[in-house]
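Trainee: Structure in structure tokens, see below.
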Amino acid sequence: MRQLVVHVPRGQGGKVLDMARDLDGRNMALLESRDGGDQDLVLLHVSNGKVEDMLDRLGNMDQASVTLNPQPILPINLATEKIADQVRDVELRSPVEVVLGSMRSIGSWKGFLGYAAASGAVTWIGLTTNAWYLLTAGMLIAPFAQPAMNGAIATAIGDGKMFLHSLGRYFASLATSILLAWLLSLAIGPQTPTQLMSQIASVSMVAFVLPVVAGAAGAINLLQTEGDNLVSGAGVGLLVAASLAPPATLVGMGAALGQWSFAATGLFQLLLQLTGINVAGGLVFALFGVRPHSSRFTQGRRGMLGLLLAVMAMAFAGLIFLQVRADPTFQGGSKAQTALNVMDQSMRERGDAVLVDSQARFLQTGLGKDPAVLAQAWVMPKIGNLNRKDREGLRGEISDYLQERLNSRVSGAPVLLTVTLLDKPPKAAP
């Protein structure tokens, strides 16, 4: 439930109580104006789902003002034994709370860009030193979730002005992180791409799933009340930032190193995440009632809702199509995974050796400026005690066999394969 403190002209407090009773209000109190005062004060509690109705009714009263407590309230009637039923607060937030909460979350530009710069610096250190834990730290302080989710809310309520404002803050924060990573890389950064940079730049064909999940999870988190929310806002914010902070830093570092394939991959990921989060989050908000004119505080238009969703959905689909049709630059993760699958399946079909382990990773600049897949396989012959000539012959046969299979299955990027033949271990003593 939510608590409302209502100020109305003197003598109107009784009408407010009647409105609240019609909406099953609880634990209400009226302080009537006395000694020449000009306002009555009413304290009341209504369920989350009826906050909109209460505000609409109060909106029809002249000179009425309301203070809405956004925290969950547990009004309890001690005269009944069914106290447990009274304290359950499992309703979703009302649309007005979602919209006003979004507007309230917009802080000052200095603090906002300061966090973006701090996130960019920490993430840059992580990519430079190959420290994954620093990437997580950079995601925790990244402010990208706020404009991304505000954009989804703006889409749901069809508010074009709010959408453009959120988009501006989104790109401003990303530009800050990119610029800082670029400057640091020019001044003291690595001279060549690090291993972690290559991993971030290795995009899988299922990368579109992450922004969809992040957008939906972010919307659900903002819709649920504190008492019913099993996941903290910081956790969901980390999920959104996980899809944005590393690619943003990758763009700046790639540009500074002259590795434009890294910069292009990072930019592609940022656009994919933005559109995916917006479409998924906007749809979830709309499905749960946050729509144009869902309250007196949402001044969007239904036509704008359809337009924004259509534009963002088309952009999202276009990016996925680009990834499918483009060169391997945007498919590195899937190329590496395909190589692993091919080596595993191929060795299962052979009867003279088994695959002990394998690795594969995508290189943006594996052959000069051309991408490639670096693969390695460790195999063990089923027959032991092979002489040196037979071992080398078997290794060569397996290498040629795997290379042929890889060349036929991994398209668009050559595979650089290394095969290591392991000795068959002796039987353990009884």
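Trainee: For residues in the range 319-376 being in a strand (DSSP E or B) and polar (S, T, N, Q), which is nearest to the chain's Cα centre (by Cα)?
Mentor: Per the criteria, the residue is 364.
Trainee: How many of the residues making up the range 243-262 are in a helix (DSSP H, G or I) and open to solvent by less than 10 Å² (accessible area, probe 1.4 Å)?
Mentor: 10
Trainee: Now for a different question. Only one of (1) under 15 Å from residue 240 (Cα atoms); (2) part of a helix (DSSP H, G or I) fails for residue 125. Which number is that?
Mentor: Answer for residue 125: the failing condition is (1).
Trainee: Let me ask another. Among the listed residues 353, 280, identify the single one that is touching a residue at least 12 places away in the same chain (Cβ under 8 Å) and in contact with a strand residue (DSSP E or B) (Cβ under 8 Å, 6 or more places away or on another chain).
Mentor: 353
Trainee: Right, next: Tell me, which residue of the range 51-66 that is in contact with a strand residue (DSSP E or B) (Cβ under 7 Å, 6 or more places away or on another chain) and part of a helix (DSSP H, G or I) is farthest from residue 289 (Cα to Cα)?
Mentor: Result: 58.
Trainee: Among the residues of the range 327-348, how many are hydrophobic (A, V, I, L, M, F, W, C) and more than 28 Å from residue 250 (Cα to Cα)?
Mentor: Step one: filter the range 327-348 for residues hydrophobic (A, V, I, L, M, F, W, C), giving 330, 336, 339-340, 342-343, 347.
Checking the rest, the ones that are also more than 28 Å from residue 250 (Cα to Cα) come to 342-343, 347.
Final tally of qualifying residues: 3.
Trainee: Would you confirm whether any residue within the range 142-160 is farther than 27 Å from residue 285 by Cα, at pLDDT 90 or above and buried (at least 19 other Cβ atoms within 10 Å of the Cβ)?
Mentor: For the range 142-160, residues farther than 27 Å from residue 285 by Cα, at pLDDT 90 or above and buried (at least 19 other Cβ atoms within 10 Å of the Cβ): absent.
Trainee: Right, another one. Report, by residue number, each residue of the range 349-386 that is open to solvent by less than 40 Å² (accessible area, probe 1.4 Å), among the hydrophobic types (A, V, I, L, M, F, W, C) and within 30 Å of residue 253 (Cα to Cα).
Mentor: Passing the criteria: 360, 362, 363, 372, 373, 375.
Trainee: Just give me the residues in the range 106-146 being among the β-branched types (Val, Ile, Thr) and over 27 Å from residue 275 (Cβ atoms), in sequence order.
Mentor: Of everything in the range 106-146, those that are among the β-branched types (Val, Ile, Thr) and over 27 Å from residue 275 (Cβ atoms) turn out to be 125, 128, 129.
The values are calculated or read from the model by the stated rules, or taken from the named source; none is laboratory data. All figures in this text were calculated on a predicted structure; none of them were measured in a lab. Note that we place each Cβ from the backbone using ideal geometry, even for glycine, and neighbour counts take in every protein chain shown. The accessibility values were calculated without ligands, DNA or RNA, using every heavy atom of the protein model including side chains. Shrake-Rupley method; radii C 1.70, N 1.55, O 1.52, S 1.80 Å.
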